[in-house]
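Worksheet: one structure, shown below.
The values are calculated or read from the model by the stated rules, or taken from the named source; none is laboratory data. Owing to the predicted nature of the structure, the values given are computational and were not obtained by experimental measurement. A quick note on method: Cβ atoms are made from the backbone with ideal geometry, for glycine too, and the neighbour counts reach across all protein chains shown. Note: areas computed on protein heavy atoms with side chains; ligands, DNA, RNA excluded. Shrake-Rupley method; radii C 1.70, N 1.55, O 1.52, S 1.80 Å.
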Amino acid sequence: MTRTAAGTKTYLAISFTLIFLFSIELLQAQDETVKKLQAEANRELKGAPADTLPRDWHKGGVISLTLAQGSLTNWAAGGDKFSLSINNFIHAYANYKKDKHSWDNNIDFYLGYVKTTSLGNRKNDDRFEYLTRYGYALHPRLNLSGLFNLRTQFFKGYQYPEANQRLYVSNFFAPAYLLLSAGLDYKPIKDLSIYFSPATARWILVRDTSLGKYYGVDPGSKKDFQFGSFASINYKKDINKTVSYTGKLDLFSNYRHNPQNIDLYMTNLFAAKISKFLSVTYSLTFIYDDDVKLFGPSKDAPRLQTQSLLGVGLLLNVAK
């Protein structure tokens, strides 16, 4: 089922707006970065201690745990007597660089649950992503790259059309998105990467064949093969001493079916430190997949999915 012309225009408008915002940020940051690079280029390195020399591997990560609890007693406005939500986010990286060779590895894991007296336990987040990318430098800021990406989840997922009704819609490797790609990776500044590939293979995998109908997989089959173009923008910025931003935007066009309906996966994470370990975090995620037929009155149409989470809790940064 294809999207309406109005829906396509709306989606493309959102996509171009996001890219435009990234471009504005790039232009603002680039002038200051160029000045720093020029100053460093004119500086001579004399007798640098061994522990200040560049290392081949850079490893680290972020661990975030947020908790929110509420309770009501004789509350006239109504509501649940008890509510508890827990959300966890783990990001780990291991990046290698030597001469013209680079190898970046990233793992992201999100898991969240909500418990209320009226609705019981419900999952509100469950995502796992692994990305590995090899690059060979054609220019100080341009790499010829190969990329492997896997996205899935760990636990069963349900939709709740009614308060006392649930629909089984996902599970571990149902779906899973496996992507192999070769292209160019442009890094105009330190924390910005723009990757593009006109030749990308993607598989949609469903370990449970009963779920294939929701993700564009033929009945009885466990996979669907797609071939198209892929673009990925990754950006990190310390806005000030306490606030940081990490963002990612992935776009995929399937040449074999409705190439004009571009799939989108975008994550945004803002973190503001309160103390050494405590912080306020806000995450905003957008997903559009033309093959996900879980929405609309008949549960057979794609839609732009959004998720917004705000919390206060533990935030630990580790780097070496």
* Asked: Hull surface divided by four, with the convex hull built on the Cα atoms of the stretch 89-153: how many nm²?
  -> 5.3 nm²
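Using a 1.4 Å probe on the protein heavy atoms, what percent of the accessible area of the stretch 177-300 belongs to carbon and sulfur? Intermediate values should be presented prior to the final figure.
On the way: 3710 of 5940 Å².
The value for the stretch 177-300 is 62 percent carbon and sulfur by accessible area.
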* Whole-Hz ³J(HN,Hα) from phi, Karplus 6.51 cos²θ - 1.76 cosθ + 1.60, for the stretch 236-244, glycine and proline x -> 10, 8, 8, 5, 8, 5, 10, 10, 10
* Whole-percent pair-distance distribution, where bins are 5 Å wide, for the alpha carbons of the stretch 232-319 -> 3, 12, 17, 18, 14, 11, 9, 8, 6, 1, 0
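At 1.4 Å probe size, put TYR195, TYR282, TYR134, TYR245 in order of accessible surface, largest to smallest.
Numbers: TYR195 0, TYR282 75, TYR134 100, TYR245 30 Å².
Of TYR195, TYR282, TYR134, TYR245, the descending order of accessible area is TYR134, TYR282, TYR245, TYR195.
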* **Under Karplus coefficients 6.51, -1.76 and 1.60, residue-wise ³J(HN,Hα) of the stretch 194-210 in Hz, glycine/proline x** => 10, 10, 9, 9, x, 9, 10, 9, 9, 10, 9, 10, 9, 5, 9, 5, 5
* **Per residue accessible area in Å² of the stretch 178-244, where ligands, DNA and RNA are left out and the probe is 1.4 Å** => 51 Å²
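What does the charge add up to near ASN87, with Lys and Arg as +1, Asp and Glu as -1, over the other residues with Cβ less than 14 Å from its Cβ?
+1
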* **Amide H contacts under 5 Å for LYS223, placed H, 5+ residues apart** => VAL206
* R0 of 35 Å, Cβ-Cβ distance THR132-GLN165: FRET efficiency to nearest 0.05 -> 0.30
